[in-house]
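Q: This is the structure, below, for whatever I ask next.
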Amino acid sequence: MPHASAAIELRSVARLLTDEHGGPAKYWIPAYQRGYRWTRTQVFQLLDDIRDFLRDSLGRPAGQFYCLQPLVVKKMEDGGYEVVDGQQRLTTIYVILACLENWVTELGHANFEIDYETRMRDADFLRSMDEAKADNNVDFFHIFEARRAVKDWSKDNPGQSLKLIQHLLNSDGVSPEVRVIWYELPPEEDAIAAFTRLNMGKIPLTESELVRALFLRSAAKDDASGALGMRIAFQWDRIEHSLQDNAFWYFLQSSGEAVNRITLIFNLAAKLWDRGDAGDDHAAFTHFAMAMKHEGNTEQTWKSVNDIFQALEEWYEDRYLYHVIGFILHHTPRNESTIGNLLEHSAQLSKAAFKASLRDHVLRIAFGVNPMPAAEIGAMVEQQSNEASYGNLEKVRKLLLLFNMATLLENSNSNIRFQFDSFKKEIWDVEHIRSVSDSRPDDPRAQSAWLSHCSAYLKTDKRPEAAALLSVIDAYLEMATSKSKDMSFETIDSQILSFFNEASEGGGDGLSNLTLLDSSTNRAYKNSVFAVKRNILLKNDQAGTFVPLCTRNVFLKCYSSMVGNVTFWGAEDAEAYLDAICKTLTKFLIAAEAV
């Protein structure tokens, strides 16, 4: 974790050239660093990126800058800097300035100096870049290839060299310039340990680490008592701890590593979703660095971050907002943009008005319609629910997930919440509740597996008819092993469907015969009869496996007016299920208008 006393700032390339006394800055490459290894392609990419940035800056507000990756250094006793991380970029900048030295001199600047602890010849070659010595060792080769790349780029981009140097060395804060994230280790921090962490472990300074160091450093400047820094550190830790709770995190996001989740809050506070540089690696850091450029801004800037977190936390703790916003965010490709827009919208409305406004989002996502009068909602829901089918899985998934949300919200006294974390970590299929006759397995191995599932269920059924059917299945499976053809799969399949009352036409691909099922369960028992699926699903539920409430209700036949045979899903059950979907969704959408 970055130290609070570390110096961190956005430093122009022009400032890299001179030391605090105005002389050439000296950078020292220690023995633990490897040699220069940038390729011709990498040099071209850097030059192209800067050129494109300058072109895109035309017409934009003053103060635009291109930000290079962090340069991690530690000040030495002689006033120079030990380079801990960023040697490759620093050397490339040196090569660019050396190749275009005439322009650098004409603009009144001189290049900085680079020395090496053990590879002294590298320093000599860096100053001369003598082609005759370029093949003497691998370091020379790569340095000279970088020089050649700069020369070739200049030829390929006539008239751009002067412009590039002008902006590379600009530091007026008005015209476009190039800056680097300057991270100076405190005197007490061990440089080799820092290098090992940053390079050998392949763990670069993360955005959140840079921003934390920036806030703590700025807080120390603004408040000598240390109270502001302590408050920021305490609130920071609380935010990080809260975001580690998967129930909170997956309410907001569909994926994400357990580390650096706080970056989401920074991106929202910096409004990166509404900016052109959102894809930059350190766009959030540069936003906060500019915001705290002047002393006295730290507390207010941090407040903007904490306010964002508190708003998200309020959504999470409010049971209605949790389910409705969770549904909206789950179906939003540009998630941060949606969160940002919802935050802005909520700030402009009362809590009640904001809740009511969310219905419009749900109507567009689940039904593809614009806001409509409450009196028209019932007919619209009924029509779309009747038309929804297995042929439009995306539509069905949305309706079934919304059905779960609406069902949970029907009981205002309940504290049960939909498990977005469990839901988003699994792949969910839309599965037929009652088996579909034209989807029987045709592969012999799949047929045997299907029959084995039926056999496992029948062993729990004590009726004589079950025992008789079980013996037929076992006999068939034995014949399948010996590859005998005395009985066809179709024959035994017909007997099974008759036993489970699924021999008649039924089921189908409509919403009344569809539910959400996790892929591992679905693909293992795909198109099994209702009784087999029910048995497996209830076992999963008892074992603590997440089963959506409405899926569980289906297999418990909670929607049927007369339960009757719990092992059979008939036309009356399907009709009652579809009716429950329509009524629940209609009630939810109408009530949402007056939340």
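The values are calculated or read from the model by the stated rules, or taken from the named source; none is laboratory data. All values reported here derive from a predicted model rather than from experimental measurement. Reconstructed Cβ throughout: ideal geometry from the backbone, glycine too, with neighbour counts over all protein chains shown.
Q: Which one is farthest from TYR390 (Cα to Cα) among residues in the range 515-542 that are under 30 Å from the mean Cα position of the chain (by Cα), of a type in the set (A, V, I, L, M) and modelled with pLDDT of 80 or more?
A: LEU517
Q: In the same structural domain as GLY59 (by TED's automatic domain parsing), part of a loop (DSSP other than H, G, I, E, B) and among the polar types (S, T, N, Q): which single residue out of SER154, SER175 fits that description?
A: After applying the criteria, what remains is SER175.
Q: ALA25 is checked against (1) closer than 30 Å to LYS155 by Cα; (2) modelled with pLDDT under 95 and fails just one. What number does that condition carry?
A: Here ALA25 clears every test but (2).
For every residue, the table says whether it meets (1) farther than 14 Å from VAL95 by Cβ; (2) among the β-branched types (Val, Ile, Thr); (3) in contact with an Asp or Glu (Cβ under 6 Å, 6 or more places away or on another chain).
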site: ALA123; (1), (2), (3): no, no, yes
site: MET129; (1), (2), (3): no, no, no
site: ASP139; (1), (2), (3): no, no, yes
site: GLY159; (1), (2), (3): yes, no, no
site: LEU164; (1), (2), (3): no, no, no
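Q: So, of the residues in the range 26-66 that are more than 29 Å from the chain's Cα centre (by Cα) and assigned to a helix (DSSP H, G or I), which turns out to be surrounded by the fewest Cβ atoms within 10 Å (Cβ to Cβ)?
A: Out of the qualifying residues, it is THR41.
Q: Out of ASN102, ASN170, ASN136, I need the residue that is within 42 Å of the chain's Cα centre (by Cα) and either outside any strand (DSSP E or B) or of a type in the set (Ser, Thr, Tyr) (or both). Which one?
A: Only one candidate qualifies: ASN170.
Q: Can you name every residue in the range 364-394 that is assigned to a helix (DSSP H, G or I) and without any contact (Cβ under 8 Å) to a residue 12 or more places away in the chain?
A: Hits for the range 364-394 are ARG364, ALA375, GLU376, ALA379, GLN383, GLU387, GLU394.
Q: On to the next question. It is to be established whether one or more residues within the range 353-363 are in a helix (DSSP H, G or I) and under 30 Å from GLY63 (Cα atoms).
A: There is no residue in the range 353-363 that is in a helix (DSSP H, G or I) and under 30 Å from GLY63 (Cα atoms).
Q: Quick one: GLU314 ticks every box in (1) in a helix (DSSP H, G or I); (2) touching a residue at least 12 places away in the same chain (Cβ under 8 Å); (3) of a type in the set (Asp, Glu) except a single one, so which number is it?
A: (2)
Q: Can I ask one more? Select from the range 557-592 the residues that are at pLDDT below 90 and hydrophobic (A, V, I, L, M, F, W, C) and list them in ascending order.
A: Of everything in the range 557-592, those that are at pLDDT below 90 and hydrophobic (A, V, I, L, M, F, W, C) turn out to be MET562, VAL563, VAL566, PHE568, TRP569, ALA571, ALA591, ALA592.
Q: Right, something else. Just one of (1) touching a strand residue (DSSP E or B) at 6+ places or on another chain (Cβ under 8 Å); (2) among the polar types (S, T, N, Q); (3) surrounded by fewer than 18 Cβ atoms within 10 Å (Cβ to Cβ) trips up THR91, so point out which.
A: Here THR91 clears every test but (3).
Q: Next question. Can you tell me how many residues in the range 337-381 are at positive phi and among the aliphatic types (A, V, I, L, M)?
A: So the answer is 0.
Q: Still on this structure, please answer the following. Does SER482 qualify as being modelled with pLDDT of 70 or more and at negative phi?
A: So SER482 does not fit the description; no.
Condition check ((1) at pLDDT below 90; (2) crowded, with 20+ Cβ neighbours inside 10 Å; (3) under 41 Å from the mean Cα position of the chain (by Cα)) across all residues:
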| position | (1), (2), (3) |
| --- | --- |
| GLU117 | yes, no, no |
| MET129 | yes, no, no |
| ALA132 | yes, no, no |
| PHE141 | yes, no, yes |
| ASP156 | no, no, yes |
| LEU185 | no, yes, yes |
| ALA193 | yes, no, yes |
